[in-house]
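Taking it in order: structure first as C-alpha cells, then the write-up.
The values are calculated or read from the model by the stated rules, or taken from the named source; none is laboratory data. All of these numbers come straight from a predicted model, not from anything done at the bench. A quick note on method: Cβ atoms are made from the backbone with ideal geometry, for glycine too, and the neighbour counts reach across all protein chains shown.
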Amino acid sequence: MSDGITPSSLTLMCHAVSDAVIVLDEAGRVALMNPAAEEVFGMRAGDVVGRTGTDIPALAPLYEVLARPASDDGASPVQRVWLPSGYVYQVRALDMPGLGRAAFLKPAPAVDSSRGQLALQMGTIIHTLKTPIASAKMALDLVLALEGQPDKQADFTRRAQHSLDHMLSIVHEVIDMTWLEAGAALEWAQTDLDELAVHVVEQLESDRAWRGVTVDVARAPGGCVVWGDERRLMGAITNLVSNAIKYSRPGGTVRVHTASDGRTASLIVADDGIGIPPEHIERIFEWFYRVTAPETRRIEGSGLGLAIVKAIIERHGGEVTVESEPGRGSTFRFTIPVEHEA
Ligand code: ADP
C-alpha cells in the first residue's frame with residue numbers, strides 16, 4: 001500500500017473486493033466498513049463509522065489481530081477468529097500508512113475432524129472468553145478506583161479480580177495446550193526475552209500484589225534477543241513467573257533475569273518460596289501433574305503450566321531445568337538457541 005492512497009480511493013477498492021474489510025484510523029475509530037463486512041457483522045457502516053472500535057462489542061474478536069505488531073511488510077500473520085455469530089474467519093491485519101490499520105476477513109476453510117484441527121477450533125472458541133473476562137476485570141478496576149468504599153466491599157472486589165485472573169490463566173493454558181496438540185507452526189521473529197519478561201511481570205501485577213510478593217526483573221544492557229515465537233515464549237515465561245509468585249510465601253521475592261553466551265540464551269526465574277520435594281521433581285513437567293502436599297493443597301492450579309513450558313521450549317530446540325530445595329525455594333531456567341536453524 002503506497003503512502004499516496006487517498007481515503008476515497010481506498011473506499012472504492014474496498015467496495016470492489018469480496019473480503020470483508022474494516023479500517024480503523026490511527027485513533028482507533030472505525031474509518032471504513034465495506035458491504036461484505038456489513039453482512040458479516042450484521043451492521044450498517046453508517047452506524048459504526050466514526051465510533052471507537054473498542055466500543056463496539058461485535059468487533060472485539062478483531063482487536064487482538066489489529067493490536068498485534070506487523071512484520072516488516074506491514075502485515076500480521078493470518079489468524080483464525082471465531083465471531084459471536086458462530087462463524088470462523090481467517091483475518092489478516094495490514095498497516096495503511098497515514099490511514100490506520102485494516103482487517104481483511106475471509107471465511108475459514110471448513111475444519112476437518114482430525115484431532116489437531118478440532119483442537120485448534122476448540123482453542124479458537126476458548127480464545128473468545130478472553131475478551132469478556134478482560135472486560136469484567138476492567139469493570140472491577142473501576143469499582144476499586146471509586147473513593148470512599150467500605151473495606152469489605154474492596155476486599156470482595158479484589159477476590160473477584162483474583163478469581164478472574166485465575167480463569168484467564170486457565171484460558172491461556174488451554175489455548176496453548178490446544179495449539180501444541182494441533183502441532184501448529186511457530187511464528188519465528190526476532191524477540192527480546194528481557195522485554196517479554198518485563199511485559200509478563202506487568203501483566204501479573206495484581207496477582208503479585210494479592211499474594212504480597214516482590215518481583216524483580218533485571219534487564220540485561222541491550223536486551224537478550226533470540227529468534228523465537230514471541231507469543232509462545234511469552235506463554236512460557238508467564239507460566240514460570242506466575243508459578244514463582246503462586247508458590248512463594250507472603251513477603252517473598254521472585255527474581256527474573258536472562259543470560260546469553262552468544263550461542264544460547266536463558267531465562268531464569270528464581271523464588272524463595274515453598275520449594276519442591278525431590279521425589280516430585282521428575283514428574284512436575286508431566287501433563288496434569290500437581291504436587292500434593294499440605295502447603296500446595298490450598299493453591300489453585302491445573303497441572304498444565306510446566307508441561308506447556310517444556311513443550312514450547314522443546315519446539316524452540318531448547319530445554320527447561322529446575323533446582324529446588326523444600327522450604328528454601330526453586331529456580332527454573334529455560335535455554336534456547338539464539339539463532340533459528342531453518
Ligand atoms: P499448577 O497449575 O499445579 O501450578 P504446573 O504444571 O505449573 O501446574 O506445576 C506443576 C507442579 O509443580 C505444581 O503443582 C507445583 O506443585 C510445582 N511447582 C511449579 N512451580 C513451582 C515453584 N516455583 N515452586 C514450588 N512448586 C512449584
Per the list (1) of a type in the set (Asp, Glu); (2) more than 9 Å from the ligand (Cβ to nearest atom); (3) surrounded by 15 or more Cβ atoms within 10 Å (Cβ to Cβ), residue check on Glu325 breaks on (3)
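Would you please name the residue that is nearest to Arg333 (Cα to Cα), looking only at residues in the stretch 248-275 that are within 8 Å of the ligand (Cβ to nearest atom) and among the β-branched types (Val, Ile, Thr)? Give the derivation first.
Going through the stretch 248-275, the residues within 8 Å of the ligand (Cβ to nearest atom) turn out to be 248, 269, 271, 273-275.
If we keep only those that are among the β-branched types (Val, Ile, Thr) too, we end up with 269, 274.
Values: Val269: 6, Ile274: 17 Å.
Among those that are within 8 Å of the ligand (Cβ to nearest atom) and among the β-branched types (Val, Ile, Thr), it is Val269.
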Condition met for Gln149 (polar (S, T, N, Q) and in a helix (DSSP H, G or I)) = no
Matching residues in the stretch 276-309 (more than 27 Å from the chain's Cα centre (by Cα) and either near the ligand (Cβ under 6 Å from one of its atoms) or at pLDDT 90 or above (or both)) number 7
State whether one or more residues within the stretch 235-243 are within 12 Å of the ligand (Cβ to nearest atom) and farther than 24 Å from Glu187 by Cβ.
-> yes
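For the stretch 328-342, which residues satisfy the criterion of being surrounded by 14 or more Cβ atoms within 10 Å (Cβ to Cβ) and among the small types (Gly, Ala, Ser)? Full working, then the answer.
Of the stretch 328-342, the ones surrounded by 14 or more Cβ atoms within 10 Å (Cβ to Cβ) are 329-338, 340.
If the condition is that a residue be surrounded by 14 or more Cβ atoms within 10 Å (Cβ to Cβ) and among the small types (Gly, Ala, Ser), then Gly329, Ser330 are the ones that fit.
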Which residue, of Met96, Met138, is of a type outside the set (Val, Ile, Thr) and within 28 Å of Asp73 (Cβ to Cβ)?
-> Met96
Residue in the stretch 143-151 that is exposed (fewer than 13 other Cβ atoms within 10 Å of the Cβ), touching a helix residue (DSSP H, G or I) at 6+ places or on another chain (Cβ under 9 Å), of a type outside the set (A, V, I, L, M, F, W, C) and modelled with pLDDT under 85 present | no
So, in the stretch 155-174, of the ones that are of a type in the set (A, V, I, L, M, F, W, C) and in contact (Cβ under 8 Å) with a residue 60 or more places away in the chain, which residue ends up nearest to Arg219 (Cα to Cα)?
-> Ile170
Only residues that are surrounded by fewer than 20 Cβ atoms within 10 Å (Cβ to Cβ), at negative phi and not in a helix (DSSP H, G or I): list them for the stretch 175-191, please.
-> Ala182, Ala184, Ala185, Leu186, Glu187, Trp188, Ala189, Gln190
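Mind telling me which of the residues Thr124, Thr214, Thr131 ends up being in contact with a Lys or Arg (Cβ under 6 Å, 6 or more places away or on another chain), touching a residue at least 40 places away in the same chain (Cβ under 8 Å), more than 20 Å from Ile313 (Cα to Cα) and hydroxyl-bearing (Ser, Thr, Tyr)? Explain how you work it out, then say what you get.
Numbers: Thr214 fails: in contact with a Lys or Arg (Cβ under 6 Å, 6 or more places away or on another chain); Thr131 fails: in contact with a Lys or Arg (Cβ under 6 Å, 6 or more places away or on another chain).
Result of the check over Thr124, Thr214, Thr131: Thr124.
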Mind checking which pairs have a first residue in the stretch 266-287 that is of a type in the set (A, V, I, L, M) and a second that is assigned to a strand (DSSP E or B) and more than 9 Å from the ligand (Cβ to nearest atom), Cβ under 6 Å, 6 or more apart or different chains?
-> Leu267/Thr258; Leu267/Phe334; Ile268/His257; Ile268/Arg333; Val269/Val256; Ala270/Arg255
Kindly provide the set of residues from the stretch 311-334 that are in a strand (DSSP E or B) and in contact with a Leu (Cβ under 6 Å, 6 or more places away or on another chain), ordered by number.
-> Phe332, Phe334
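For Thr331, state whether it is polar (S, T, N, Q), farther than 27 Å from Arg159 by Cα and either within 13 Å of the ligand (Cβ to nearest atom) or out of contact with any strand residue (DSSP E or B) (no Cβ under 6 Å at 6 or more places or on another chain) (or both).
Values: polar (S, T, N, Q): yes; farther than 27 Å from Arg159 by Cα: yes; either within 13 Å of the ligand (Cβ to nearest atom) or out of contact with any strand residue (DSSP E or B) (no Cβ under 6 Å at 6 or more places or on another chain) (or both): yes.
Yes.
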Conditions: (1) under 16 Å from the mean Cα position of the chain (by Cα); (2) at pLDDT below 85. Val111 meets all but one. Number of the miss?
-> (1)
